[in-house]
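Chemist: Once you've had a glance at the structure underneath, I'll fire off some questions.
The values are calculated or read from the model by the stated rules, or taken from the named source; none is laboratory data. All of these numbers come straight from a predicted model, not from anything done at the bench. Cβ placement follows ideal geometry from the backbone for every residue including glycine, while neighbour counts extend to all protein chains displayed.
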Amino acid sequence: MAYDVGRIASQYINQGQVNKEEWSALALDAGSMAIPGVVGLGTIRRVGQGLKVADKVADAGKVADKVGDAVNGVSEVKGFGKKLNYHFKKHASEFGTKTKEEYGQKAIDFIKNSDKPGILRKVDPEGVTRVYDPVNNILASYKSDGTIKTFFKPNPVNHPYKTNLEYWNAQKGGGL
Amino acid sequence: MIVIEKSHFCPVCGFNFYKYSGELPWNGNTPSDDICPSCGIQFGYEDSIYDEKKRNDIYKKLRENWIKNGMKWWGDKEDMPQNWDPKKQLDNLK
C-alpha cells in the first residue's frame, strides 16, 4: 500500500498530468508514507522547497515501483503445490527440516523476504523468478503466479560448477 | 493425436516427464527446476550447463550411476506407471 502511494505520485508527475508545484504538498506526505528514507521530507516542506521535494518523490516513486514489483511478486507466494513431496525429499536435509510443512514454510518465508539487499534475482524467459542468497547459499525459484518451483542449497558436488556463485551466474535470465 | 518428442523424456532415464507433469524437462535453454520421479535428477541443477556436448556428458554419467545402482524408482510409488519397466524406458533415449 505504501509503495503504491509513491508509485501513483511518480506516475502522475512523470505523465505531466499534474505539475510538480501542485503535487509538492501532497507528494511530501506521499513520499513519507511510501519510502521510509524520505520521512524527513515534511521538514523540507516547511522551508518552502516543494519543487525539489516533488522531484525527489518522483525519483522515490521510481524506486518504489521496482521495490513494489518485487514485494508484490513475493506477496503472492502460494507454496509448492503437488511438487512439494519431491523437493522435500531431495532438499529437506539441507535445511535441517523434518516435515514437508516446515520445509515449505521456510521456502515461502525466504521468498517473501527476498527483497532485502544482497539477495540476487533473475527472471528467465519463461517468467520464472530465481532468487539467491549468496551469504547463506540459498536458492529458490517461483512462477509468476506465485507457485514455488524449488528451494535448496546448491552444492558443487551436485552441479557442474566450481562454486555456487558460478552456478548462480550461469542461470539464464535478467536481473531486476 | 499426442506427438511424442525426445524433449518430453528425461534425458537421464528416458521417463516420459511431459506426460507425467505437463512440463518439459527443459524448454529450450530454460530448465523446469522439476525433479524426475524415475531417476531423481533436478532439471537445471545437476545438468545446469548450456553446452550441449557437456550436458550430454553429464547425462551419460548420471545414467551410468542410475543403472549401476539398480535403476530404482526415485519418487513416490503412486507416481510409478503400471508395469514400469526401466530397461524399456531407456529405449526412449535411442
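Chemist: Could you list, in sequence order, all residues of the stretch A:117-156 that are under 12 Å from the mean Cα position of the chain (by Cα), free of Cβ contacts under 8 Å to residues at least 40 places away in the same chain and away from every other protein chain (no Cβ under 14 Å)?
Modeler: A:Pro117, A:Gly118, A:Ile119
Chemist: For residues that are free of Cβ contacts under 8 Å to residues at least 60 places away in the same chain and under 22 Å from A:Gly81 (Cα atoms), tally how many sit in the stretch B:1-36.
Modeler: Number of matching residues: 20.
Chemist: Have a look at A:Lys172, A:Lys89 and point out the one that is at pLDDT below 95 and either of a type in the set (Lys, Arg) or in contact with a Gly (Cβ under 8 Å, 6 or more places away or on another chain) (or both).
Modeler: Unique residue meeting the criteria: A:Lys172.
Chemist: Just wondering, is there one or more residues in the stretch A:93-114 that are within 14 Å of another protein chain (Cβ to nearest Cβ), surrounded by 19 or more Cβ atoms within 10 Å (Cβ to Cβ) and modelled with pLDDT under 95?
Modeler: Taking every residue of the stretch A:93-114 in turn, none turns out to be within 14 Å of another protein chain (Cβ to nearest Cβ), surrounded by 19 or more Cβ atoms within 10 Å (Cβ to Cβ) and modelled with pLDDT under 95.
Chemist: Is the stretch B:26-36 home to any residue that is assigned to a loop (DSSP other than H, G, I, E, B), within 12 Å of another protein chain (Cβ to nearest Cβ) and modelled with pLDDT under 95? Even if it seems obvious, please write down each step before you answer.
Modeler: Start the filter on the stretch B:26-36 by keeping residues that are assigned to a loop (DSSP other than H, G, I, E, B), which leaves B:28-29, B:32-34, B:36.
Next, only the ones that are within 12 Å of another protein chain (Cβ to nearest Cβ) stay: B:28-29, B:32-34, B:36.
Among the residues that remain, those that are also modelled with pLDDT under 95 are: B:28-29.
Yes, some residue in the stretch B:26-36 is assigned to a loop (DSSP other than H, G, I, E, B), within 12 Å of another protein chain (Cβ to nearest Cβ) and modelled with pLDDT under 95.
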